[in-house]
1. For region 322-334, how many residues meet the condition of being in contact (Cβ under 8 Å) with a residue 40 or more places away in the chain, of a type outside the set (D, E, K, R) and open to solvent by 20 Å² or more (accessible area, probe 1.4 Å)?
2. Can we say GLY200 is touching a residue at least 60 places away in the same chain (Cβ under 8 Å) and more than 16 Å from the ligand (Cβ to nearest atom)?
3. Only one of these is among the hydrophobic types (A, V, I, L, M, F, W, C), modelled with pLDDT of 95 or more and under 25 Å from ASP82 (Cβ atoms): VAL397, VAL450. Name it.
4. Starting from residues that are assigned to a loop (DSSP other than H, G, I, E, B) and of a type in the set (A, V, I, L, M), keep the ones in region 172-228 and report whichever is farthest from ASP162 (Cα to Cα).
5. Kindly list, by first and then second residue, each pair from a residue in region 239-256 that is over 11 Å from VAL327 (Cα atoms) to a residue that is of a type in the set (D, E, K, R) and within 16 Å of the ligand (Cβ to nearest atom), limited to pairs with Cβ atoms under 8 Å and residues at least 6 apart or on different chains.
6. Do we have any residue at all in region 339-362 that's open to solvent by 20 Å² or more (accessible area, probe 1.4 Å), in a loop (DSSP other than H, G, I, E, B) and within 14 Å of the ligand (Cβ to nearest atom)?
7. Which residue is farthest from the ligand (Cβ to nearest atom), if the candidates are limited to region 396-449 and must be aromatic (Phe, Trp, Tyr) and in a helix (DSSP H, G or I)?
8. Across region 136-165, what is the number of residues that are outside any loop (DSSP other than H, G, I, E, B) and either in contact (Cβ under 8 Å) with a residue 24 or more places away in the chain or hydroxyl-bearing (Ser, Thr, Tyr) (or both)?
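The values are calculated or read from the model by the stated rules, or taken from the named source; none is laboratory data. Not measured: the values here are computed from a predicted model. Here the Cβ is made from the backbone with ideal geometry for all residues, glycine too, and neighbour counts use every protein chain on show. Accessible surface is based on the protein model in full, side chains and every heavy atom, while ligands, DNA and RNA are left aside. Shrake-Rupley method; radii C 1.70, N 1.55, O 1.52, S 1.80 Å.
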Amino acid sequence: MAHDALSSHSSADPFTPPADSTLWRENFLLGAATASYQIEGAVNEDGRLPSIWDTFCATPGKVLAGDSGEVACDHYHRWEADVDMLAGLGLEGYRLSIAWPRVMHLDGTPNRKGLDFYKRLLTRLKEKGITTFVTLYHWDLPQHLEDRGGWLNRETAYRFADYADLMSRELAGNVDAWATLNEPWCSAYLGYGNGHHAPGLVNARFATQAMHHLLLAHGLAVPVLSANDPASQKGIVANIGRGTPNSDSADDRRAAHLFEVQHNAWILDPLLKGTYPQALFELWPGTEPLILDGDMQTISAPLDFLGINYYFRTNVASDGAHGFKDVPLQGVERTQMGWEVYPDGLCDLLISFRREYANLPPVYITENGMASDDKVIDGRVDDTQRISFLKRHLAAVDEAIKAGVDIRGYFLWSLMDNFEWAFGYERRFGIVHVDYATQKRTIKRSAELVSRFLKERKERNLRI
Ligand code: FCB
């Protein structure tokens, strides 16, 4: 089934899933997500150390308009009102991340003030009955670790395990699910491969070595989290990309395959099969990382869940050598990011993963959403394209569930507009609008409709 604009626009309700959708089931978790550096601000408070993103933002030319996360949504000070807003919308789950530089001093000892912030926040979320997914690493590496090589240094993986140990001892009982890393592809490739993200290095060999150390960090942390907080779920969050061939030629089909190897199998194969895909090293010859005995077993330890972040597809052709090149399609629907709206990609990938990985754990869609140039007009934000986007992507999730993929929940990216990394504040992904001059939050129409659905679902399930 195609989740195209026409079929959704023609239905009477712009958001509510049809009656036969699996999303009406009360055990399908619906929530929203954020990340520490993108919303917290307060970068110099209570002993927080600098992170690689503070450094990157301070480097001219790296972030649009020279923006930084210095103030962001000021969530560090406004967290109580933000939790009230989340609960008021009836969202059932909240995915947040912890800022590593806030909770550990330079010598690795706990920073109590930073820890207390997360304790207060998670306690309040628990009181409100909100299911919490906590990501340990959403890209804000302490700068002092980068100064020693960052993810190119194997030591960083062991420091991450120490950090996971501290957090799970301190927060056990207040976290429903731990995700070790957010999108290692972005940390490794954008951070060390093409330099679009912090720390901004450009070298394919660095990217594969950084990926290995990131995955090792994940693998070392999982047993630590299990020991300290056995009741919680443990997993990792991966961004996935759909690559489609520009033509039916064997070369273009091979290019699309390589695209998906580079975006998906590079991460999922080591986690779920215990090996790196050989095709990756055909794409980037000579970039095999240094792997020590036992690493692949550590990396492929069983997971309770796999978090999947999905945004768009890329149409690719052969580059004439052993790689691929993007061939942007004309006349397709796009978002403020320029990303193509392509819900089928989500469904197709989920079904293909189920075929490819016999041990695919239960899946949560940990991020999905879109940026639009939203404006507050007479106190309201009518984000029509987002409403349609969400409806179509939730239909794709429903279709994958019906095809047999075990998908347990969906988190919208994002609860509120925030610091969109290299794009600064221009790109608005929230279901809540943020006026950065006043920090006023305005509930967008999309949030109203999600909220209405959740309330209706609750009532309907109470009646059954
Ligand atoms: C993902 C990131 C998230 C957000 C969205 C738009 O790659 O995990 O922080 O920036 O993209």
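1. Initial filter on region 322-334 (in contact (Cβ under 8 Å) with a residue 40 or more places away in the chain): 322-325, 327, 333.
Restricting the remaining residues to those that are of a type outside the set (D, E, K, R) gives 322-324, 327.
Narrowing further to those that are open to solvent by 20 Å² or more (accessible area, probe 1.4 Å): 322, 324, 327.
The total comes to 3.
2. Details: touching a residue at least 60 places away in the same chain (Cβ under 8 Å): yes; more than 16 Å from the ligand (Cβ to nearest atom): yes.
In short, yes.
3. Numbers: VAL397 fails: under 25 Å from ASP82 (Cβ atoms).
After applying the criteria, what remains is VAL450.
4. Kept after step one, since they are assigned to a loop (DSSP other than H, G, I, E, B), are these residues of region 172-228: 172-176, 183, 194-203.
This time we only want the ones that are of a type in the set (A, V, I, L, M), so: 172, 175, 198, 201-202.
On the way: ALA172: 15, VAL175: 18, ALA198: 22, LEU201: 26, VAL202: 28 Å.
The extreme case among them is VAL202.
5. Qualifying pairs under 8 Å: ASN239/GLU183; ASN239/GLU367; GLY241/ARG313; ARG242/ARG313.
6. Taking region 339-362 first, the residues open to solvent by 20 Å² or more (accessible area, probe 1.4 Å) are 339, 342, 344, 348, 351-352, 354-356, 358-360, 362.
Next cut, in a loop (DSSP other than H, G, I, E, B) only: 339, 342, 358-360, 362.
Applying the additional criterion that residues be within 14 Å of the ligand (Cβ to nearest atom) yields 339.
Yes, region 339-362 contains a residue that is open to solvent by 20 Å² or more (accessible area, probe 1.4 Å), in a loop (DSSP other than H, G, I, E, B) and within 14 Å of the ligand (Cβ to nearest atom).
7. In this case the residue turns out to be PHE423.
8. Taking region 136-165 first, the residues outside any loop (DSSP other than H, G, I, E, B) are 136-137, 142-146, 150-152, 155-165.
If we keep only those that are either in contact (Cβ under 8 Å) with a residue 24 or more places away in the chain or hydroxyl-bearing (Ser, Thr, Tyr) (or both) as well, we get 136-137, 142-144, 146, 150-152, 156-165.
The qualifying residues number 19.
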